[in-house]
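Just so it is clear, none of the values below were taken in a lab; they were calculated from the coordinates. What you see is a predicted model; the values in this text were computed from it and never measured. Heads up, the Cβs are rebuilt from the backbone with ideal geometry, glycines too, and the neighbour counts pull from every protein chain shown.
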């Protein structure tokens, strides 16, 4: 009688594992590889961050004063002559003051950098993507991005080039209009910045209000009254103390960039999302939005790094930046 | 029927392992959107179908014995 041959159990387990790996590879290829190949075959240039008057920007009061409403309102922060310090910048249109502070004490202490920003007009707040184009998984070192975009000040964005879905806009141009699972942050042409919890916004209403930038990362950090939230829309894996990058809003024309150093024992521990929210609450922001942190979190001012990235940091997909024409000639 | 009994359980195991792997990868970087879109949906549906068929065959066997 012929003996029935059975495959050894180890071989069966190995075959199952190999098949599982093959299935994962196939899903990854379909989800990421195909968009990557398509975008590399036909790269899409992103709008250059060239400050130009935005049509819906508020016009100056009809008083004979040539200055814009923001220049008048924040006049004490601007300067007729361009003044560039180690951690400050003042001109007719842009005012930046950078402060380095500490959050927490002892081994949990974290160093964070706050850039307080006043603008004379909305067009000086721009974004830039890696190499000036939208190609999936494309990245560029932050110093190169700052140089290419002529950024006076910049921080890491929402890693636009890694996003295969979302509601995304850069410098007035839409990239995607999918419904994201993340909270949104929208900077409108009139300088108002608002955050929206996932699933609570009306895309058409946002579009009708002339957005300029739409970020899809999050979470939003503050409620409508500018207080910390009870719960945040964030995955468990990134909710531990980490380096962080975030943007804050006080009123049209007044913003802040915050970058928290972290993962550096003895220097800066990093903060959780609720702790980051508390930083913005203490700053007095009306809205605040978390951007890509971890190895991406970085702040660059006048082409030099202000923050200290863990492990030297990583190349980025996109940045938020403040710029004005011709500032580098004044430096 | 012999083929179903031999192949389908292994296929079910492999697809479930793949689903778990994707869930773990997504928890580390939700930006990649691995759980969104049709590849994950089709994998989930196929795994569910394979699991139901395996269970039905197993149930039928247990009733016969």
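Any chance segment A:274-292 includes a residue that's in contact with a helix residue (DSSP H, G or I) (Cβ under 6 Å, 6 or more places away or on another chain), more than 14 Å from residue A:103 (Cα to Cα) and touching a residue at least 24 places away in the same chain (Cβ under 8 Å)?
Restricting attention to segment A:274-292, the residues satisfying the condition of being in contact with a helix residue (DSSP H, G or I) (Cβ under 6 Å, 6 or more places away or on another chain) are A:288.
So of that shortlist, the ones also more than 14 Å from residue A:103 (Cα to Cα) come out as A:288.
Narrowing the set further to residues that are touching a residue at least 24 places away in the same chain (Cβ under 8 Å) leaves A:288.
Yes, that holds for at least one residue.
With the requirement that a residue be free of Cβ contacts under 8 Å to residues at least 60 places away in the same chain and closer than 15 Å to residue A:88 by Cα, what does segment A:296-331 give you? Explain how you work it out, then say what you get.
The initial filter retains those residues of segment A:296-331 that are free of Cβ contacts under 8 Å to residues at least 60 places away in the same chain, namely A:304, A:311-312, A:326, A:329.
The one that is free of Cβ contacts under 8 Å to residues at least 60 places away in the same chain and closer than 15 Å to residue A:88 by Cα: A:304.
So residue A:228 ticks every box in (1) under 26 Å from residue A:314 (Cα atoms); (2) surrounded by fewer than 23 Cβ atoms within 10 Å (Cβ to Cβ); (3) in contact with a helix residue (DSSP H, G or I) (Cβ under 6 Å, 6 or more places away or on another chain) but one. Which box is left unticked?
The single condition residue A:228 does not satisfy is (1).
Could you tell me whether any residue of segment A:157-164 is more than 14 Å from every other protein chain (Cβ to nearest Cβ), buried (at least 20 other Cβ atoms within 10 Å of the Cβ) and in contact with a strand residue (DSSP E or B) (Cβ under 7 Å, 6 or more places away or on another chain)? First the steps, then the outcome.
Quick first cut of segment A:157-164, residues more than 14 Å from every other protein chain (Cβ to nearest Cβ) only: none.
No, because not a single residue in segment A:157-164 is more than 14 Å from every other protein chain (Cβ to nearest Cβ), buried (at least 20 other Cβ atoms within 10 Å of the Cβ) and in contact with a strand residue (DSSP E or B) (Cβ under 7 Å, 6 or more places away or on another chain).
Does segment B:23-42 hold any residues that are touching a helix residue (DSSP H, G or I) at 6+ places or on another chain (Cβ under 6 Å) and either buried (at least 18 other Cβ atoms within 10 Å of the Cβ) or more than 11 Å from every other protein chain (Cβ to nearest Cβ) (or both), and which are they?
Scanning segment B:23-42 gives B:31, B:34, B:35, B:39.
Quick one: how many residues across segment B:1-46 are farther than 15 Å from residue A:30 by Cα and in a loop (DSSP other than H, G, I, E, B)?
Qualifying residue count, segment B:1-46: 2.
A quick yes/no check of all residues on (1) under 23 Å from residue A:129 (Cβ atoms); (2) within 14 Å of the chain's Cα centre (by Cα); (3) surrounded by fewer than 19 Cβ atoms within 10 Å (Cβ to Cβ):
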residue: A:267; (1), (2), (3): no, no, yes
residue: A:289; (1), (2), (3): yes, yes, no
residue: A:298; (1), (2), (3): yes, yes, no
residue: A:302; (1), (2), (3): yes, no, no
residue: A:306; (1), (2), (3): yes, no, no
residue: A:309; (1), (2), (3): yes, no, no
residue: A:315; (1), (2), (3): yes, yes, yes
residue: A:319; (1), (2), (3): yes, yes, no
residue: A:323; (1), (2), (3): yes, no, no
